[in-house]
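Read-outs throughout are calculated quantities, based only on the coordinates presented, and are distinct from any laboratory measurement. If you're wondering where the values come from, they're calculated on a predicted model, not measured in any experiment.
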Amino acid sequence: MAQLPALDELIACPSCDALYLERDVAPGETASCLRCHAVLEAPRRTAMTRIIMLALAAIILMVAAIFFPFLELEVAGRAHRASLLDTVRAFSSGLTAPLTVAMAALIVILPLTRFGAIIYTLAPMAFGNHPWPHAQSAFRMAEALRPWAMAEVFIVGVAVALVKVAGLAHLSLGPAFWAFVGLVIVTVLKDNFMSRLTVWKTLDTRRKF
Amino acid sequence: MENAGHAPQILTAKAAGLVGCVQCGRVHRPGVMVCDRCGAAIASRDTTSVQRVWAWLFAGLVVYVPANIYPMLRTTVLGKTSESTIFGGVVDLMHHGSYGIAAIVFFASIIIPCSKFAAIAFLALSVQRKVRMSAGARHKLYEVVEFVGRWSMIDVFVVAILASLVQLDFAASINPGIAAVSFAVSVAFTMISAESFDSRLIWDADEDEHHG
């Protein structure tokens with residue numbers, strides 16, 4: 001290994017540090033690490049446009065989920081309706097108040113911030129322009145927030161809660177519930193299309209040309 | 001992509017005297033502090049990683065105790081209030097015959113947090129001591145821990161949904177208990193603990209073994 005290629009031609013696996021020669025990976029193909037099997041690059045044709053569209057759809061669905069009724073409970077002719085914001089506010093009284101902030105962040109604010117940051121990073125490049133300033137910080141933030149945007153965990157929580165209550169009362173799902181289900185599907189699709197190293201590479205080359 | 005070393009064994013950036021960025025994979029000469037591609041801070045190995053893992057893990061363990069002792073839910077039916085802990089909630093669900101849901105809650109709130117504590121402790125120990133498990137298997141374990149961590153938050157969300165929905169004045173109302181806070185904090189701390197772990201350390205220990 002006396003003669004190592006130039007740094008630009010190398011890539012290190014972020015998970016296990018294995019060193020590889022950078023090759024152009026064809027769209028549709030996936031390059032993964034030989035040792036730890038982490039996906040290194042997975043470019044997809046028109047991935048950028050698709051990710052932006054999905055992120056936009058997710059934002060619209062989130063807005064719908066916030067403003068439409070989420071769930072409605074009916075016992076002996078008396079109905080109680082809860083919106084997504086009511087769910088967030090559930091902890092607001094007494095000692096559990098700090099959880100309100102956390103709930104709002106995990107379910108609404110962080111997912112929205114992530115979608116926004118991803119659109120900010122990719123939109124100019126999808127139109128063939130230079131990335132906007134601070135695109136790197138935006139994308140780094142989007143990646144750091146990934147585990148903390150818990151929309152899909154929340155929807156499973158809703159399912160569990162529904163079963164718990166189903167025996168006691170008649171329950172109906174509002175439009176916001178379906179908007180939120182759509183949001184989860186769109187988020188999962190978007191994250192599957194997006195390959196972190198590919199985005200960084202594209203950002204880097206687009207910045208220079 | 002082929003390994004740049006062309007050797008049967010995998011050449012790492014560290015072994016080649018270089019530093020890889022964990023965010024974007026770019027390779028740098030040693031001494032560079034910030035990645036010029038993505039702007040992330042870079043280090044050949046995060047030397048304080050294991051310390052931070054232990055600190056967050058212990059913090060998570062400590063707050064997990066009140067999460068199990070104090071009530072998660074306060075249910076008032078016709079003026080009578082009853083409180084249930086995490087485990088109590090699982091038992092209630094089983095009494096109602098919803099075994100599937102009981103299993104989900106039991107897994108998300110008890111099995112997953114406990115096995116996560118054990119798995120993170122094991123991984124942190126494994127980079128300091130020799131263990132039998134191969135590096136490949138430990139890497140897989142780390143990926144599972146990272147993936148599964150956030151799902152423990154289910155129970156907190158269930159409490160929030162129930163509390164916002166079941167507010168029928170005198171007839172029935174559900175309010176969150178203080179355990180919800182410590183449980184959420186415990187999940188967050190263990191997530192930070194898992195994220196603090198530098199997975200490259202798993203492979204380093206393995207290499208040292210091969211080289212002698």
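What to note about this one:
- Of all the options A:ARG35, A:ARG89, A:ARG81, the one that moves most in a Gaussian network model of chain A with Cα springs shorter than 10 angstrom is A:ARG35.
- Most mobile listed residue (A:MET62, A:MET48, A:MET103) in chain A, GNM with C-alpha springs under 10 Å: A:MET103
- Relative to the compact-globule estimate of 2.2 N^0.38 Å, the Cα radius of gyration of the protein assembly as shown comes out at 1.09.
- For A:LYS190, the lysines whose Cα falls under 22 Å of its own Cα, not counting residues fewer than eight places away in the same chain, are A:LYS201.
- Membrane-span-like helices in chain B, defined here as complete DSSP H runs extending at least 18 Å along the helix axis by their C-alpha atoms with mean Kyte-Doolittle hydropathy no lower than -0.5, are B:49-69, B:112-126, B:135-148, B:179-196; this is a sequence and geometry rule, not a statement about a membrane.
- Once C-alpha pairs closer than 8 Å and six or more residues apart are averaged by separation and normalised to the residue number of region A:51-152, the relative contact order reads 25 percent.
- Helix A:110-126 and the longest principal axis of the Cα set of chain A meet at an angle near 40°.
- Acute angle (nearest 10 degrees) that the helix A:47-67 long axis makes with the longest principal axis of chain A, alpha-carbon atoms: 20 degrees
- Shape metrics for region A:108-167, restricted to C-alpha atoms - Rg then Dmax, Å: 16.6, 57
- Once divided by 2.2 N^0.38 Å, the Cα radius of gyration of chain A becomes 1.28.
- Among A:SER83, A:SER137, A:SER195, residue whose mean-square fluctuation peaks in a GNM of chain A (springs only between Cα atoms under 10 Å): A:SER137
- The H on the amide N of B:ALA40, modeled in the peptide plane, is under 5 Å from the matching H of B:CYS35, each at least 5 residues off or on a different chain.
- A full extension of the chain between B:ASP36 and B:ALA103 corresponds to an added length of 19.3 nm, given 0.36 nm per residue minus the alpha carbon distance.
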